[in-house]
Amino acid sequence: MAANPWQRPTSKNWHALFALLPFLRPRLWLLILYAIALLLSAAGTLALPQGARYLLDHGFHNARILLLASLALLLLGIFTTAARAAREALATWIGQKVVADLRERVFTHAVHLPALFYEKFRTGEVISRLSSDVTILRFGLAGVLGGALQHGLTLIGSLIMMLVTAPILVLPVIIVVPPLVWVNLRSGRLQRKYSRLEQDYLADLSSHTEETINAIRTVQALTREDEAKNIYGAGIDGVLQQVRGRIKVQAGASLLSGFLIFFLLAGMLYLGGWRILHHRGSIGGLTAFLIYAMFATSALSSLGSLWGQLGRLLGAIERLLALLEEEPEEPPAQRATESPVRASSSPASLRFAHVYFAYPSRSDIPTLENIDLTIEAGEHLALVGASGAGKSTFFDLLLRHYAPTQGQILLDGQDISRMRAHDLRQQIAIVPQHPAIFSLSVADNILLAKPGPRQLPCRPPCRLHASTSLSNVCPRVCIPMSARKASPCRADNANALPLPVLFCAIRAF
């Protein structure tokens, strides 16, 4: 497993929960309604044992009391069920909205990260954060955090009602609960460790899958299929090893917790029964106390299970926050304000003034040295050189994907480092060396360099290509962007598209 640079010390994981507060503040009223529904559902649940206590202590004297008791049980059940349904609906909706906002913010931040970031981190790692971690967060907010609040409130309410019903019977609780809590906490820590390692292996698998599939022709040409399969299999074995460890911890914790819980119930039953035999208590009070004890132990056991899942959730939040903490290419405030130096929309001169550059990952090997070059407005220049000579690096510097180690790049005498990257790049037409075909219609791919609701600009680039396939495709798909119903580009048509020519042509309009 590759070392994960986004992995943080586990002691700081709890701080990740506070980072969700900005996403929760806009939904304050929904949170208030959720808290009300949570309290009402817990109150309805905790009221049921008191009804059972009354019936067992007083019995049925006539049909009227029986009818009233049945109606009270029916109304209490409807009330509790309605409150529980409202609680679950609100928890799910709030969780989905928070995840949607976080997903959007993370993706927006990712597309503004500099090229230097993607030189250090694999794109598969970023994709894993936006897929697997967001999925964990989507199911975890309502299921784990919502469940923790529900069971925690039930546990506190049950303990209070146990003290009110029969304080003396709480003695076994004081003896058994501390080791029970320790078992659950220890289990949660171990499960969190295994979950973190499992996510690391899954992220590596995602990266390996993306790299292998994207370079499948190279893999096949070099006959490296078996090696790629072995690496993937080793990753799967790593995932299963962590899952196996987590299952052992869960099984051991369940065994110990179950033993302690039934030991507690047996002790309370014996002590309560002894009090009844000596006329110091009632059967109704003992029954209510045992029901509350079952509520409390069930809630505590559920909290122990959720504790392990909470580690998985915190790990996902932590990784997403680590991505958000990466410095963007330009701060959001700078992107929202006007550039101190505006890029000119008219033909401009370009100068590389004594530019030096070395890639950060190979800082000891200069890629460009003392480049001093002036290109006048309207002048045509071709850069010719061997592979690795720095031709692509030249344009990466011009597009501000990287900054020169020394020297300046001047556009009409203005340093491009003082311009907004967005404004600068809008003035530059580029033909990608390896063009990408997006999951759009042919027209959308052609108009990608100059989007907008227009129809005519699509046709001249189509006529640049003499192949029959493109001539047949373009008339059908060159429709207004605001009303397009085109089918996605098929593989055979996509292979026929001379996209470098198309992108170059569309920039000319």
**Complete:** The condition from (1) of a type in the set (V, I, T); (2) modelled with pLDDT under 85; (3) open to solvent by 60 Å² or more (accessible area, probe 1.4 Å) that V144 misses is numbered (3)
**Fill in**
Taking the stretch 285-331 and keeping only residues that are over 15 Å from the mean Cα position of the chain (by Cα), farther than 30 Å from Y54 by Cβ and not aliphatic (A, V, I, L, M), one is left with G304, S305, W307, G308, Q309, E326, E327, P328, E329, E330, P331
**Item:** Residue count, the stretch 158-211 (criterion: open to solvent by less than 10 Å² (accessible area, probe 1.4 Å) and at pLDDT 85 or above)
**Value:** 2
**Message:** So, A299, is that one touching a residue at least 12 places away in the same chain (Cβ under 8 Å), more than 24 Å from L46 (Cβ to Cβ), crowded, with 19+ Cβ neighbours inside 10 Å and not charged (D, E, K, R) or not?
**Reply:** no
**Message:** Being at pLDDT 85 or above, surrounded by fewer than 14 Cβ atoms within 10 Å (Cβ to Cβ) and in a helix (DSSP H, G or I) is true for just one of L30, L38, L48, L74. Which residue is that?
**Reply:** L74
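Identify, from the list L286, L271, L240, L260, the residue that is under 19 Å from L163 (Cβ atoms), among the hydrophobic types (A, V, I, L, M, F, W, C) and open to solvent by 20 Å² or more (accessible area, probe 1.4 Å). Please lay out each step first, then the result.
Working: L286 fails: open to solvent by 20 Å² or more (accessible area, probe 1.4 Å); L240 fails: under 19 Å from L163 (Cβ atoms); L260 fails: under 19 Å from L163 (Cβ atoms).
Result of the check over L286, L271, L240, L260: L271.
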**Message:** Among (1) touching a residue at least 12 places away in the same chain (Cβ under 8 Å); (2) on the phi > 0 side of the Ramachandran plot, there is one condition T223 misses while meeting the rest; what is its number?
**Reply:** (1)
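Which of the residues spanning the stretch 56-69 are open to solvent by 60 Å² or more (accessible area, probe 1.4 Å) and under 25 Å from T165 (Cα atoms)?
L56, D57, H58, F60, H61, L66, L68
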**Message:** Can you list residue pairs whose Cβ atoms sit under 7 Å apart, with the first residue in the stretch 314-325 being β-branched (V, I, T) and the second being in a helix (DSSP H, G or I) and crowded, with 17+ Cβ neighbours inside 10 Å? Count only pairs 6 or more apart in sequence or on different chains.
**Reply:** I317/A16; I317/L137
**Item:** Selection status of T154, more than 30 Å from P404 (Cα to Cα), open to solvent by 40 Å² or more (accessible area, probe 1.4 Å) and in a helix (DSSP H, G or I)
**Value:** no
**Prompt:** With respect to the numbered conditions (1) open to solvent by less than 30 Å² (accessible area, probe 1.4 Å); (2) more than 30 Å from R400 (Cα to Cα); (3) within 27 Å of the chain's Cα centre (by Cα); (4) not acidic (D, E), which one is the sole condition not fulfilled by T92?
**Reply:** (1)
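Please verify whether R319 is over 21 Å from L399 (Cα atoms), assigned to a helix (DSSP H, G or I) and either at pLDDT 85 or above or open to solvent by less than 20 Å² (accessible area, probe 1.4 Å) (or both), treating the condition exactly as stated.
On the way: over 21 Å from L399 (Cα atoms): yes; assigned to a helix (DSSP H, G or I): yes; either at pLDDT 85 or above or open to solvent by less than 20 Å² (accessible area, probe 1.4 Å) (or both): yes.
Yes: the conditions hold for R319.
Residue check: is T218 open to solvent by 30 Å² or more (accessible area, probe 1.4 Å), of a type in the set (V, I, T), free of Cβ contacts under 8 Å to residues at least 12 places away in the same chain and outside any helix (DSSP H, G or I)? Write out each step before concluding.
Working: open to solvent by 30 Å² or more (accessible area, probe 1.4 Å): yes; of a type in the set (V, I, T): yes; free of Cβ contacts under 8 Å to residues at least 12 places away in the same chain: yes; outside any helix (DSSP H, G or I): no.
No; evaluated as a whole, the condition is false for this residue.
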**Prompt:** In the stretch 103-148, what residues are more than 15 Å from the chain's Cα centre (by Cα), of a type in the set (K, R) and in a helix (DSSP H, G or I)?
**Reply:** K120
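The values are calculated or read from the model by the stated rules, or taken from the named source; none is laboratory data. From a predicted model like this one, the values you see are computed outputs, not experimental measurements. Using ideal geometry, Cβ is built from the backbone for each residue, glycine included, and neighbour counts are taken over all protein chains shown. With ligands, DNA and RNA removed, areas are computed over all heavy atoms of the protein, side chains included. Shrake-Rupley method; radii C 1.70, N 1.55, O 1.52, S 1.80 Å.
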